[in-house]
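Structure, as structure tokens:
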């Protein structure tokens with residue numbers, strides 16, 4: 001496996017995000033439009049794509065959230081390549097990159113209808129926190145944080 005640090009202009013990253021958005025549209029149903037507005041990728045400078053045998057199979061990104069924290073965004077793994085530890089490796093690479101960039105904490109939001117994502121974040125040391133920002137009061141949202 002190869003991890004590549006790129007930005008959101010990368011074609012492989014954009015392709016994986018299209019698959020992610022299609023999956024989320026099904027999972028989130030009527031709530032998808034609400035979430036989609038917070039998930040644009042046009043200005044993401046910190047993205048990671050994982051390659052297996054030359055094929056882009058997983059991705060993730062972070063963006064600045066506050067002076068000392070980042071928000072993890074756009075985590076996705078091709079369903080055919082799940083359970084290989086790719087998401088944990090991407091998450092770790094994003095955390096290392098954030099720490100190298102001077103950030104001390106990571107936050108994220110995921111959905112109640114994404115139990116595999118919740119399990120991933122808990123397995124990687126994220127603690128559930130009250131919903132923040134636009135997710136306050138949104139029953140489908142679950143928010144997490146981790147000190148890097």
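Only the coordinates and a few stated rules stand behind these numbers; no lab work does. Bear in mind that the values here come from a model prediction, so they are computed numbers and not experimental data. No Cβ is skipped: glycine too gets one built from the backbone with ideal geometry, and neighbour counts run over all protein chains shown.
From its DSSP helices (H runs of at least four residues, each -39,500 (n - 2.57)), the chain gives a residue-normalised ellipticity at 222 nm of -10000 deg cm²/dmol. Length gained on full extension, residue 11 to residue 112: 33.4 nm, using 0.36 nm per residue less the C-alpha separation.
Packing order of peptides 83-94, 111-122, highest average first: 83-94, 111-122 (average count of other Cβ atoms within 10 Å over each peptide's residues). Scattering from segment 40-148 was approximated by placing one identical point on each alpha carbon and applying the Debye formula without solvent; log10 I(q)/I(0) at 0.12 1/Å stands at -0.39.
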